[in-house]
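Chemist: Below: one structure in structure tokens.
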Amino acid sequence: MPIEAHEVSWSTAGRLIVDRVSLALQPGQTVGLLGPNGAGKSSLLRLLCGLRRASAGVITFDEVPLTRLKRRDLARRLALVEQSATTDADITVLDVVRLGRTPWRSLLAGWRGEDSAAVEQALARVAMSERRHQQWHTLSGGERQRVHIARALAQQPGELLLDEPTNHLDIQHQLDILALIRRLETTCVMALHDLNLAAMFCDQLVLMKAGRVVAAGEPASVLTPQRIHEVYGVAAVVERSPHHGCLQVHYLPRTDRPGPGPER
Amino acid sequence: MTPLRTPDTRAPRAARRTLLLPVLLYGTGLLLLAAAIALAVSIGEIRIPFTTTLAAIGNALGISDVPLDRIHESIVRDYRLSRALVAACCGAGLALCGAILQALLRNPLAEPYVLGISAGASTGAVAVMVLGLGGGAVSLSLGAFVGSLGAFAAVVALSSGAASRPNRIILAGVASSQLFNALTAWIVSTSASAEQVRGIMFWLLGNLGGVRWPEVQLALAVVAVAFVTCLACARALDAFTFGQDAAAALGIPVRGVRLLLFTVTALLTAAMVSMVGAIGFVGLVIPHAARLVVGPTHVRLLPTALLTGAIFMVLADLVSRLVVPGQSLPIGVVTALVGAPVFAIILYRARPPM
């Protein structure tokens, strides 16, 4: 089992953010992390890639504890795409993707053929090869996200972690990015907000609330009306779409509170 | 059908070009620096023929041994050449500091003067000089170093978690500058004699008047060590483009690199301030100019900033000596007159956060 978390907790400023989470990632799968704002999705991703240190519990990579791995070795096996990360620097698409080779280059070695090959492949993967010389600040949100994914792929990771990769994107670009991620052979774990898109593009879902895992498994077993109500406080009907065959969540208007009407 | 051009066939040519370009660039930079130094050494209040100047420089460097007018030779060697070399080192060092701070703090306005590190170094130096802190055992440079570290700590504490809030660190720098300048003024106005006050005030705006060969050696050594250290971290600095977490996710030991480079910056600033006073805006202007020439990649940016800073400072010193006949302006006035408008332009151009 490549990555496993055993009873992992993390607290900051006296608040427990991640609460005894256990999970195991199967190679090659696309896993969606779901949950309301503040459920601990981003924090869990940061714990998994060693950016934060768990206050309790263990994360293992091929049964080696994360704390025993060097930062550089970790970066060779695991890449992170942050939520809308940007920069003021006058930097080109190619410069950004080349950053992905950082963990593979030694201090004195120059740019090698294998570095070029990895960068070319990553650029082609996200269909940005033609635009390699474009300036970062002229790219749209969706294009920036694609470049970030290319940078992560240039790291040639075994696992790719993505923190809300579709944030602030219009629906066309959301579908675009998710289809791209879905096509990757790399194991992907991504935090998502949209339940329907998660059901469409993920093999496995992990549903979180207040730092804890409420349910994990295939979309059909995780996305039930009871759970959606329990976690989000929203009434919903879940059915299989006749159009694309994936689960479809229909949210129902609230009935526990009077709607906008004369009697308030 | 025309065969596709593969990247492989272009690789050798590209490799040769990438090797040739830096050699040309840095070669030109070094030549320009040598020319600037020669110019600065040959111009001054006492007219010395250019050939005499060149011969004296040759003698000083041990290349030639031409008998010359003793006074002329001494002016060139002990006053003008040492002054020009220290100016070059200061410009190089401050530009390096600016490039490092801008990368680590991800803020285009970061530099030792704006962040108040220079002010802290001044306070430390003045405390040693006027109050005699450390009873003579503590040198001016050490006082400046402690002061600059104090200022650094103050800025980091005030902006706590600095890197995520780009504007906050500049505000913290403003507060820190004000605090340390007030401390300096307090020490000076309560403890210094009238003569000391005049000396200190002049020195706080930057003054290359007093430097001799011992300062040249110290400045060269400090800049060389700092430059090699920073160049070794060049790829780590690139990795900071998208912030600390992004750098860590690329395998950079973020804490260690930050600690090392902040210490180098503080040390460099302290060494410069203890020799020539607080000179502003060089660290701000030069890295931006260098980026326009070679782009943001630090392996190329750092040497370019180093050379550009050195050339700029030598010329700024020359201007400060020439602009008012019969007296020299503090060099900080000249650099600020160039730097403040550039600061405004950068501020104006700053892109709104997405």
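Chemist: Can you give the relative contact order of chain B as a percent, counting alpha carbon pairs under 8 Å and 6+ residues apart? Display every interim value, and only then the final one.
Modeler: Working: 511 pairs, mean separation 95.6, N = 354.
After rounding, I find 27 percent.
Chemist: What residues of the stretch A:59-81 lose no less than 50 Å² of accessible area with every protein chain in place versus their chain by itself (probe 1.4 Å, heavy atoms only)?
Modeler: Going by heavy-atom accessible area, the residues of the stretch A:59-81 that drop by at least 50 Å² are A:71.
Chemist: Calculate, in nm to one decimal, what residue A:171 and residue A:108 gain on full extension: separation in residues at 0.36 nm each, minus their alpha carbon distance.
Modeler: 18.2 nm
Chemist: With a point put 7 Å past each Cα toward its Cβ, work out how far residue A:138 is from residue A:183 in nm, to one decimal.
Modeler: Distance between the two pseudo-spin positions: 2.5 nm.
Chemist: Work out from phi, with θ = phi - 60° and the Karplus expression 6.51 cos²θ - 1.76 cosθ + 1.60, the ³J(HN,Hα) of each residue of the stretch A:72-81, listed in order in whole Hz, and give x for Gly and Pro.
Modeler: Karplus-based 3J(HN,Hα) across the stretch A:72-81 equals 5, 5, 4, 5, 7, 10, 9, 10, 10, 10 Hz.
Chemist: Amide H neighbours of residue A:80 under 5 Å, counting only residues 5+ apart in sequence or on other chains, H built in-plane at 1.01 Å?
Modeler: For residue A:80, whose amide H was placed from the backbone, the distant partners under 5 Å are A:161.
Chemist: Using θ = phi - 60° and the Karplus curve 6.51 cos²θ - 1.76 cosθ + 1.60, what whole-Hz ³J(HN,Hα) does each residue of the stretch B:56-67 get, with Gly and Pro shown as x?
Modeler: Listing the rounded values in order: 5, 4, x, 4, 5, 8, x, 7, 10, 9, 9, x Hz.
Chemist: Mind computing the radius of gyration and Dmax over the alpha-carbon atoms of chain A? Å is fine for both.
Modeler: In order Rg, Dmax, the Cα atoms of chain A give 19.8, 75 Å.
Chemist: Kindly express, to the nearest 10 degrees and within the range 0 to 90, the angle between helix A:141-154's C-alpha long axis and the longest C-alpha principal axis of chain A.
Modeler: Tilt relative to chain A: about 60 degrees.
Chemist: Per residue, how big is the convex hull of the stretch B:207-354 when only Cα atoms are used? Give it in Å³.
Modeler: Taking only Cα atoms, the stretch B:207-354 has a hull volume of 119 Å³ per residue.
Chemist: From the Cα trace of the protein assembly as shown, what convex hull volume per residue do you get, rounded to a whole Å³?
Modeler: Spread over its residues, the Cα hull of the protein assembly as shown gives 227 Å³ apiece.
Chemist: Now a separate question. Of the DSSP beta bridges with both residues in the protein assembly as shown, give the percent that are antiparallel, rounding to the nearest 5.
Modeler: For the protein assembly as shown, the DSSP antiparallel bridge percentage is about 60.
Chemist: Calculate the length of the line joining the C-alpha centroid of the stretch B:179-254 to that of the stretch B:63-96, in whole Å.
Modeler: Result: 22 Å between the Cα centres.
Chemist: If ligands, DNA and RNA are left out, what is the accessible area of residue B:312 with a 1.4 Å probe, given in Å² to the nearest 10?
Modeler: Roll a 1.4 Å probe over it and residue B:312 shows about 50 Å².
Chemist: In nm, to one decimal, how far is the residue B:153 label point from the residue A:53 one, both placed 7 Å along Cα→Cβ?
Modeler: The answer from the label model is 2.3 nm.
Chemist: Hey, got the dipole for the stretch B:33-349? About the Cα centre, +1 on K and R Cβ, -1 on D and E Cβ, debye to the nearest 20?
Modeler: Charge dipole of the stretch B:33-349: 600 debye, to the nearest 20.
Chemist: Let me ask another. Return the FRET efficiency for the residue pair residue B:263, residue B:220: r is the Cβ-Cβ distance, R0 is 25 Å, and the value is rounded to the nearest 0.05. Could the numbers behind the result be given before it?
Modeler: Numbers: r = 20 Å, r/R0 = 0.78.
Between residue B:263 and residue B:220 the formula returns 0.80.
Chemist: With every atom except the alpha carbons ignored, what do you get for Rg and Dmax of chain B, in angstroms?
Modeler: Reported Rg and Dmax, both Å: 21.7, 87.
Chemist: Give the accessible surface of the stretch A:29-86 per residue, rounded to a whole number of Å², with probe radius 1.4 Å and ligands, DNA and RNA excluded.
Modeler: Using a 1.4 Å probe on heavy atoms only, each residue of the stretch A:29-86 averages 42 Å².
Chemist: Nearest 10 degrees, 0 to 90: what angle lies between the long axis of helix A:113-125 and the longest principal axis of chain A (Cα atoms)?
Modeler: Relative to chain A, helix A:113-125 is tipped by roughly 30 degrees.
Chemist: Can I ask one more? Considering only protein heavy atoms, what is the solvent-accessible area of residue A:230 at a probe of 1.4 Å, reported in Å² to the nearest 10?
Modeler: Accessible area of residue A:230: about 100 Å².
Chemist: So how far apart, in nm, are the two label points at residue B:190 and residue B:178 if each is 7 Å from Cα heading toward Cβ?
Modeler: 2.0 nm
Chemist: How much of the accessible area of the stretch B:207-354, probe 1.4 Å, is carbon plus sulfur, in whole percent?
Modeler: Here it works out to 73 percent.
Chemist: Amide H of residue A:9 versus every other amide H placed in the peptide plane: which residues, excluding those fewer than 5 positions away on the same chain, fall under 5 Å?
Modeler: A:20, A:21, A:55, A:56, A:57
Chemist: OK, next. Could you calculate the contour length gain from residue B:32 to residue B:212, that is, 0.36 nm times the residue separation minus the distance between their Cα atoms, to one decimal place in nm?
Modeler: Gain on stretching residue B:32 to residue B:212: 62.5 nm.
Chemist: Residue by residue through the stretch B:81-98, what is 3J(HN,Hα) from phi via Karplus (6.51 cos²θ - 1.76 cosθ + 1.60, θ = phi - 60°)? Round to whole Hz and write x for glycine and proline.
Modeler: Rounded to whole hertz, the list is 5, 4, 4, 5, 5, 5, 4, 4, 5, 5, x, 4, x, 5, 5, 4, 4, x.
Chemist: Leaving ligands and nucleic acids out of the surface, order B:215, A:82, A:114 by accessible area at 1.4 Å, largest first.
Modeler: Output order, biggest surface exposure first: A:114, B:215, A:82.
Chemist: Residues with amide H under 5 Å of residue A:134's amide H, sequence separation 5 or more or different chain, H placed in the peptide plane at 1.01 Å from N; which?
Modeler: For residue A:134, the qualifying residues are A:93, A:94.
Chemist: Just to confirm, what accessible area per residue do you get for chain B at 1.4 Å probe, in whole Å²?
Modeler: Averaged over the residues of chain B, the accessible area is 47 Å².
Chemist: Arrange the residues A:15, B:235, B:77 by how much accessible surface each exposes, largest first, with a 1.4 angstrom probe.
Modeler: A:15, B:77, B:235
Chemist: Given Cβ point charges of +1 (Lys, Arg) and -1 (Asp, Glu) and nothing else, what value in debye, to the nearest 20, does the dipole of the protein assembly as shown about its Cα centre take? Don't jump to the answer; show the numbers that get you there.
Modeler: Details: 54 positive and 40 negative charges, 60 e Å.
The calculation lands at about 280 debye.
Chemist: Which residue, chosen from B:125, B:102, A:225, occupies the Cα position most advanced towards the positive end of the dipole of the protein assembly as shown, where the dipole is computed from +1 (Lys, Arg) and -1 (Asp, Glu) charges on Cβ about the Cα centre?
Modeler: So the residue furthest toward the plus end is B:102.
Chemist: Using a 1.4 Å probe and counting only protein heavy atoms, how much accessible surface gets buried when A and B come together, both sides summed, in Å² to the nearest 100? Could the numbers behind the result be given before it?
Modeler: Working: alone 13450 and 18020 Å², together 29250 Å².
Using a 1.4 Å probe on protein heavy atoms, the buried area is about 2200 Å².
Chemist: With r as the distance between the Cβ atoms of residue B:228 and residue B:63 and R0 = 22 Å, compute the FRET efficiency 1/(1 + (r/R0)^6) and round to 0.05.
Modeler: Numbers: r = 26 Å, r/R0 = 1.18.
In this case the efficiency is close to 0.30.
The values are calculated or read from the model by the stated rules, or taken from the named source; none is laboratory data. Keep in mind that this is a model prediction, so the values were computed, not measured. Cβ: placed from backbone, ideal geometry, glycine included. Neighbour counts: every protein chain shown. Side chains are part of the model used for accessible areas, which takes the heavy atoms of the whole protein and leaves out ligands, DNA and RNA. Shrake-Rupley method; radii C 1.70, N 1.55, O 1.52, S 1.80 Å.
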